[in-house]
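Peer 1: Below you will find the structure I want to go over with you.
The values are calculated or read from the model by the stated rules, or taken from the named source; none is laboratory data. Just so it is clear, the model here is predicted, and its values are computed rather than measured. Cβ placement follows ideal geometry from the backbone for every residue including glycine, while neighbour counts extend to all protein chains displayed.
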Amino acid sequence: MSVLVAGAGPTGLIAARALADRGHDVLLIDQAPAVGGMSSSFEIAGQRVDFGSHRLHGRADPKLLGELRELLGEDLQRRDRNGRIRLLGRWVAFPLQFRDLLNGLPRWFAVRAALDAALSPFRRAKGTNFAQDVRAGLGPTVFDAFYAPYAKKLWGLPAEEIDASMAKRRVSAGGPLDIVRRLVSVRSEEGRSFYYPRLGYGQIIDAIADSATRSGVEICLSTRLDALTCTEDGVDAVLCGPNGFETRRFSTCVSTVAVQHLVDASMPAVPSEVADAASRLEHRGMLLVYLVIPRPQYTPFDAHYFPGQDTLVARLSEPKNYRDGDDPAESTVLCAEIPCDEGGDLWRMNSESLGGLVSRQLVEQGLPVTGHVATEVRRLPCVYPKYRHGYQDDLDCIETWVNEQPRLVTVGRLGLFVPDNLHHVIEMGNAVARVVNSDGNVDREAWRLRREEFRSNVVED
């Protein structure tokens, strides 16, 4: 049976390959000119860089790690993490270690956080939004110092407007939003190493794409899904590619594109309440500002984290420090991540102005003057799902409609409106291939059970 997979990011690539391995004829499309989406790599000043900071975490399934080792060989390097986080005007080692928190942060903060922890049994039960939930669990000291400003920076929403049930899926064991759990409980150190390819994170994507092609997947780039009509015995898709519009018939469509786009492509057959629900789902965008520095290394750290509101930058990474590669010796590249909403003043700022702004703010945070000689900017409109309070009702409405389509299934970060890491999306891609039957129908009950598992994923930074 022929299957259309829409979206050639990691989820789509894995799903397409797995479907082909199960005997389906698979067409994989993407509107971008290259596979991989935000997991791909590209070149600046002779160096391979990523779309922000990416790592393959050591908590990934050993089977997955084994497969990637087979694909990449010695190019898949294991690295010790060496980052820092800016907390209360001070630098603290990241991933966080209990002793560093005690020694690096003001004593008053540790005392107040410990007192809040001691009083936690006397506070009311967890609340209905993110702010209430954090205040109830960790107390006002932790919330006011870290959670509130970082949540506002990441999602562009006050913590009071973020849904309690889902926002914390962005909280990892060592991540910026979990900063002070280590102040109130001593735990084993986790997440202190990662895997990274010699030629950039996109080397993983390129290897998976090559393996998909060997499995028989046809990949068409610069091609978007313009319209989709689902029937009991198949789907009709209107594709817009380099040669114009084309209508093709498939047994099934596996969609990894944003649910909002899928709903738009399925109009006018979509009920109005589904269209309204899709219009209310939002994503936080990201500006990636790359600075070319005319010296071998800016700092020895792979990444710096900035949870506070005193700078627009959320994270600064130096790709050269993620790997042992063949990078130019005379220069390095920095990548500053700035969460923002598409279309605003910041979004429209030119590259030179953004480069100057980032450089000044880094100095204000205690980092050296960059002395950069060039700036490049990438604008990503859909990075973090906005888990506005009540969003789950809208998502449930859309999922109910999707489940009524016998030959349509959504998956991935954009398709399921979930945060993820690479090991999550690879698991999703393999899982969705197993619920598409040989006749093209989707095993809805099996997919419902797997989808519930994916709702519990926690993103690692």
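Peer 1: Counting residues that are crowded, with 16+ Cβ neighbours inside 10 Å and modelled with pLDDT of 80 or more, which helices (runs of 4 or more DSSP H) fully inside the stretch 32-125 reach at least 2?
Peer 2: 62-72, 107-119
Peer 1: Tell me, which residue of the stretch 408-455 that is of a type in the set (S, T, N, Q) and touching a residue at least 12 places away in the same chain (Cβ under 8 Å) is farthest from Asp163 (Cα to Cα)? Reasoning before the result, please.
Peer 2: The initial filter retains those residues of the stretch 408-455 that are of a type in the set (S, T, N, Q), namely 410, 421, 430, 437-438, 441.
In the following step, the residues that additionally are touching a residue at least 12 places away in the same chain (Cβ under 8 Å) were identified as 410, 421, 430, 438, 441.
Details: Thr410: 22, Asn421: 21, Asn430: 29, Ser438: 39, Asn441: 34 Å.
Checking each candidate, the answer is Ser438.
Peer 1: What do you reckon, is Asp396 out of contact with any strand residue (DSSP E or B) (no Cβ under 6 Å at 6 or more places or on another chain) and surrounded by fewer than 17 Cβ atoms within 10 Å (Cβ to Cβ)?
Peer 2: Considered against the rule, which asks whether it is out of contact with any strand residue (DSSP E or B) (no Cβ under 6 Å at 6 or more places or on another chain) and surrounded by fewer than 17 Cβ atoms within 10 Å (Cβ to Cβ), Asp396 comes out as yes.
Peer 1: Can I ask one more? Find all pairs meeting these conditions: Cβ atoms under 8 angstrom apart; at least six residues apart or on different chains; first residue within the stretch 332-358 and assigned by TED's automatic domain parsing to the domain that holds Arg315 and free of Cβ contacts under 8 Å to residues at least 24 places away in the same chain; second residue among the aliphatic types (A, V, I, L, M) and in a helix (DSSP H, G or I).
Peer 2: Met349/Leu357
Peer 1: Hey, among the residues in the stretch 19-31 that are crowded, with 22+ Cβ neighbours inside 10 Å and hydrophobic (A, V, I, L, M, F, W, C), which one's nearest to Val238 (Cα to Cα)?
Peer 2: Result: Ile29.
Peer 1: Another question about this same structure. Among Ile205, Ile293, which is the only one that is hydrophobic (A, V, I, L, M, F, W, C), farther than 21 Å from His423 by Cα and touching a Ser or Thr at 6+ places or on another chain (Cβ under 7 Å)?
Peer 2: Matching residue, one of Ile205, Ile293: Ile293.
Peer 1: Of the residues Gly366, Gly343, Gly371, which single one is at positive phi and either under 21 Å from the mean Cα position of the chain (by Cα) or part of a strand (DSSP E or B) (or both)?
Peer 2: On the way: Gly366 fails: either under 21 Å from the mean Cα position of the chain (by Cα) or part of a strand (DSSP E or B) (or both); Gly371 fails: either under 21 Å from the mean Cα position of the chain (by Cα) or part of a strand (DSSP E or B) (or both).
Result of the check over Gly366, Gly343, Gly371: Gly343.
Peer 1: Which one is surrounded by the most Cβ atoms within 10 Å (Cβ to Cβ) among residues in the stretch 418-437 that are within 23 Å of Gly234 (Cα to Cα) and either of a type in the set (Ser, Thr, Tyr) or out of contact with any Leu (no Cβ under 8 Å at 6 or more places or on another chain) (or both)?
Peer 2: Val432
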